[in-house]
Amino acid sequence: MVDQYVLGSILASVLGLVFLYRLFVKRSDQGGSVEAAESTTTTTTAINGECRSKNGGDDADVIIVGAGVAGAALAHTLGKDGRRVHVIERDLTEPDRIVGELLQPGGYLKLIELGLEDCVEKIDSQRVFGYALFKDGKNTKLSYPLENFHSDVSGRSFHNGRFIQRMREKAASLPNVRLEQGTVTSLLEEKGTIKGVQYKTKNGDEMMAYAPLTIVCDGCFSNLRRSLCSPKVEVPSCFVGLVLENSQLPYANHGHVVLADPSPILFYPISSTEIRCLVDVPGQKVPSISNGEMGKYLKTVVAPQVPPELHDGFIAAIDKGNIRTMPNRSMPAAPHPTPGALLMGDAFNMRHPLTGGGMTVALSDIVVLRDLLKPLLDLNDAPTLCKYLESFYTLRKVGCSKIGDWTPVASTINTLAGALYKVFCASPDQARKEMRQACFDYLSLGGFFSMGPVSLLSGLNPRPLSLVCHFFAVAIFGVGRLLLPFPSPKRMWIGARLISSASGIIFPIIKAEGVRQMFFPATVPAYYRAPPRVDDS
């Protein structure tokens with residue numbers, strides 16, 4: 001009897017302590033105790049319906065360096081999956097850039113997949129349904145193949161800064177995402193593993209933040225990429241940016257590409273009253289804006305090649321004087337897999353912005369990373385995480401984390417951007433001139449001949465074999481134009497050089513992207529790395 005009484009008392013005491021403990025934890029979670037909320041005791045976090053313990057002394061599960069398109073979208077995505085995310089951005093005010101203003105339909109589909117499609121609303125964004133191509137007074141319209149998609153699916157163009165601010169706001173609305181303004185000065189490394197970052201706050205204080213995974217996506221000017229990849233940055237040209245106000249495009253809701261001399265000119269709407277003009281200037285040096293050389297160059301060299309409907313607006317924009325420049329960078333992805341760290345966005349991989357594919361690649365990468373990380377409940381095993389994340393660098397090129405279902409988004413868009421830029425630029429070489437003319441005439445045929453390349457450009461069909469087939473179809477079409485109706489030795493020689501020139505354009509780009517990753521992904525060891533099983537028990 002006594003034993004039962006003692007056992008009953010002990011049991012009641014234990015239940016009472018458990019009740020008080022649960023009550024205390026619940027109140028501290030609700031902010032009832034500031035001291036408990038700020039303590040470094042163990043807390044419980046739910047991720048994908050599972051609970052796991054994390055040391056409360058850690059700053060976050062993931063640190064994201066940079067809150068541009070890639071960083072903000074990634075913060076929202078990981079935060080929505082239950083991760084504690086700490087984003088450190090150098091400047092949280094609205095960016096003002098002349099690139100990153102056109103999102104292809106393939107990128108918009110990724111935006112929907114990430115639950116961020118409302119970020120293109122309430123910023124006066126414009127729907128884009130295709131391109132218009134201009135050359136030597138002739139033009140042709142190239143429409144996106146959107147027939148099999150919902151009516152809301154199209155390209156979107158907008159002010160880059162407005163779009164980024166909308167994504168930052170959406171990410172910051174999640175309780176487990178913290179956006180902080182600060183400048184990351186270095187990665188914190190311990191025995192070869194990245195443990196976090198050192199940064200300066202807005203007030204100039206030196207701080208350190210720790211997390212099992214640090215993702216660097218601080219853009220094309222990244223000062224952190226050198227320790228995580230082999231940066232071989234090329235600058236083939238510069239964009240000169242203007243804004244035309246209250247002008248009308250020849251084809252409404254379309255991007256416009258003028259095959260000018262020496263290189264292309266782009267026009268596309270960025271609001272209901274503004275048209276962005278980007279003039280490509282080959283090389284790393286551009287005429288000086290301050291001494292008037294740039295204005296003279298634009299008026300004398302570029303303006304005569306602008307479509308008549310845009311000529312007056314173009315001259316008015318030059319006279320207004322708000323001319324800006326931006327180097328165009330190209331950098332293949334060449335990572336150094338590093339425990340505890342990952343590179344994304346323009347800090348990792350860049351292509352010529354002619355095709356407007358950068359944001360599509362970034363959003364596609366985020367979808368791949370999201371699916372890759374979902375089964376990982378604990379990110380603290382750095383060696384295992386590093387080996388596992390190696391597969392990201394392969395899967396981003398095959399565009400999918402499911403074995404047997406691959407569409408190489410990043411590599412196809414990168415290859416297309418590099419190849420198209422070289423084809424679209426004027427050249428004194430007769431073979432290159434013929435290739436350029438053949439490209440314009442091929443696309444002007446319409447139907448299959450325009451739909452295939454435009455589906456590649458839009459990110460709706462990122463298959464490399466389709467890209468290679470269409471590229472060489474253009475070259476063969478060009479040879480046919482030369483040989484008909486009567487071939488001559490000179491024309492046959494130019495045709496042979498045209499094929500050689502086409503090969504010299506596309507094959508080095510494919511080699512830089514990785515032949516195995518593009519065409520034979522199943523032979524890459526990282527492709528076989530399946531997600532870890534989650535114990536159902």
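The values are calculated or read from the model by the stated rules, or taken from the named source; none is laboratory data. Quick caveat: nothing in here was measured; it's all calculated off a predicted structure. In this analysis, Cβ positions are derived from the backbone assuming ideal geometry, glycine residues included, and neighbour counts consider all displayed protein chains. Remember, those area values only see protein heavy atoms, side chains included, never the ligands or the DNA or RNA. Shrake-Rupley method; radii C 1.70, N 1.55, O 1.52, S 1.80 Å.
In order along the stretch 311-316, the phi-based Karplus estimate (6.51 cos²θ - 1.76 cosθ + 1.60, θ = phi - 60°) of 3J(HN,Hα) comes to 4, 5, x, 5, 5, 4 Hz; Gly and Pro are listed as x. Using C-alpha pairs below 8 Å separated by at least 6 residues, the relative contact order for the stretch 93-144 is 19 percent.
The simple spin-label model puts a point 7 Å past each Cα toward its Cβ; for Ser466 and Lys299 those points are separated by 4.6 nm. Spacing of the modelled spin labels on Lys122 and Arg324, each 7 Å from Cα toward Cβ, amounts to 2.4 nm. Accessible area of Glu245 (1.4 Å probe, protein heavy atoms only, ligands and nucleic acids ignored): about 90 Å².
Run down the lysines and flag those whose C-alpha is under 20 Å from the C-alpha of Lys122, throwing out any fewer than 8 positions away in its chain. Straight-line reach from Lys122, under 20 Å: Lys110, Lys170.
In this calculation the C-beta distance from Ser230 to Ser488 is compared with R0 = 35 Å, giving a FRET efficiency of 0.15. Counting only aspartates and glutamates at least 8 places from Lys191 when in the same chain, those with an alpha carbon closer than 16 Å to its own are Asp381. Which pairs break 21 Å Cα to Cα here: Lys135/Lys299; Lys195/Lys387; Lys135/Lys320; Lys433/Lys490? Violating the 21 Å limit, Cα to Cα: Lys135/Lys320.
Which aspartates and glutamates, if any, have their Cα less than 12 Å from the Cα of Lys202, not counting same-chain residues under 8 positions apart? List returned: Glu89, Asp91, Glu180.
For the residue pairs Lys232/Lys397; Lys232/Lys374; Lys200/Lys232, the C-alpha atoms sit more than 21 angstrom apart in Lys232/Lys374; Lys200/Lys232. Residues in the stretch 363-379 carry Karplus couplings, in order, of 5, 5, 4, 5, 4, 4, 5, 4, 5, 5, 7, 3, x, 7, 7, 10, 9 Hz; the curve used is 6.51 cos²θ - 1.76 cosθ + 1.60 with θ = phi - 60°, and Gly or Pro positions show x. With θ taken as phi - 60° and the Karplus curve 6.51 cos²θ - 1.76 cosθ + 1.60 applied, the whole-hertz 3J(HN,Hα) list for the stretch 348-356 is 10, 8, 10, 9, 4, x, 3, 8, x Hz, x standing for glycine and proline. Between the C-alpha center of the stretch 411-440 and that of the stretch 233-293 there is a gap of 18 Å.
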